[in-house]
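Take a look at the structure set out below.
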Amino acid sequence: MNPLEFLYNIGERAEVLSKRIMEIIKPFPNEKPSAFRVTRHLMREGLSIHELLSLNLQMTFVVYLILNLLIILIGLKWYWLLGIYIIYLLYTRLIIVKNWEFFVDPEPYRFFYYTISFLSLLAFLGYSLLRELSPGIYYYYGYIVAVALTVFLFRHYFKSKYGRDYTYGIVEEIKGGLVRVFIHDDIAANIKPGFYWLPAVEEAEPGRVVKVLAEDRTFRSARPVRILEVYLGQSSQSSTEPKEETE
């Protein structure tokens, strides 16, 4: 390889790298969803892109917490916690922004993961500071209570801002007086994804989008109870959000 070709290759790779860095710093929504090859291999087949996005965010957050815990156990300095947080935040922001159009309801997910990760950072930083100061054991107990109270207040605020007692589903099957409804992961309604058997209602036919009442349960995910409304003229196999004109 002559010097000109060598310099050209370096410039080409530098250009690709700069584009990727800019994509991380200032991402834009994609026309196609991300592939999530690792998540697809780890989870069962047949998941919608919304479920893959939600699972990816959950798994990334768990990894983030584990890394923070390891930093605390190893005894590394506080700036390691800050560095891991910045990397996590940039990656989470990249995933959410690039796939914005493929979430059923993206705003609650963005608010939840941005906020809970920041609160986690403060919690680990606070513990790191306590360990350096080495106060009495009661200070640790008080700190644990303060962290638990903060999480409780955040949960209450999130529910008051985004929480709702209903979600949307797609009718998959009718059997006797019951209908089998697929419901997406819904962080605003605190619903886990899956198939649920609900009492049948008129006009609930396979493929139609339905509005479902969700019963809140303490320290557990909400439970779908019954169908509130059937959206006539709309059927979907990929999204459970009713279109504006059908509401």
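General remarks:
- Residues satisfying the stated conditions in the stretch 184-221, i.e. of a type in the set (F, W, Y), within 22 Å of the chain's Cα centre (by Cα) and at pLDDT 90 or above: F195, Y196
- Selected residue (only one of Y109, Y88 is open to solvent by less than 40 Å² (accessible area, probe 1.4 Å), touching a residue at least 60 places away in the same chain (Cβ under 8 Å) and of a type in the set (F, W, Y)): Y109
- Taken together, L57, L94 contain a single residue that is of a type in the set (A, V, I, L, M), at pLDDT 90 or above, farther than 22 Å from F182 by Cα and part of a helix (DSSP H, G or I), which is L94.
- The residue pairs whose first member lies in the stretch 128-156 and is outside the structural domain of P108 (by the TED database), whose second member is acidic (D, E) and open to solvent by 70 Å² or more (accessible area, probe 1.4 Å), and whose beta carbons are closer than 7 Å, counting only pairs six or more residues apart or on different chains, do not exist in this structure.
The values are calculated or read from the model by the stated rules, or taken from the named source; none is laboratory data. These numbers come from a predicted model, not from an experiment. Cβ: placed from backbone, ideal geometry, glycine included. Neighbour counts: every protein chain shown. These area figures cover heavy atoms from the full protein model, side chains too; ligands, DNA and RNA do not enter into them. Shrake-Rupley method; radii C 1.70, N 1.55, O 1.52, S 1.80 Å.
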